[in-house]
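Okay, structure first, notes after.
Only the coordinates and a few stated rules stand behind these numbers; no lab work does. Source: prediction; values computed, not measured. Neighbour counts are summed over all protein chains in view; Cβ atoms, including those assigned to glycine, are modelled from backbone coordinates with ideal geometry.
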Amino acid sequence: MKIRKRRPALVEPSDAARNREVRQEIDAFLQALSSYPDRFAREPYLSFEQHLFSITAESNSAAERRKAQSRQLM
């Protein structure tokens, strides 16, 4: 009789967590779309991808700061 090895279960985010993550990505993209023309006027060699990355990084660091502050309040 062969013993089957079980694969470890993949941990998948809940639907609510995934929806929240997708909404944050969409919001960052829309914010980058609206703010890119002004930034491009100041920095004409900046690609949209670079601009989007900076917007995403800013929103991620702000989210981390909020999480840290909420942990301190507990």
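General observations
- Summarising the label geometry, the points placed 7 Å from Cα in the beta-carbon direction at Arg18 and Glu58 lie 3.0 nm from one another.
- Residue order, fewest to most beta carbons within 10 Å, for Ile55, Ile26: Ile26, Ile55
- Exposure proxy for Tyr36, Tyr45: other Cβ atoms within 10 Å of each Cβ, ordered fewest to most, give Tyr45, Tyr36.
- Remark: the Arg65-Tyr45 segment gains 4.1 nm on full extension, using 0.36 nm per residue and subtracting the alpha carbon distance.
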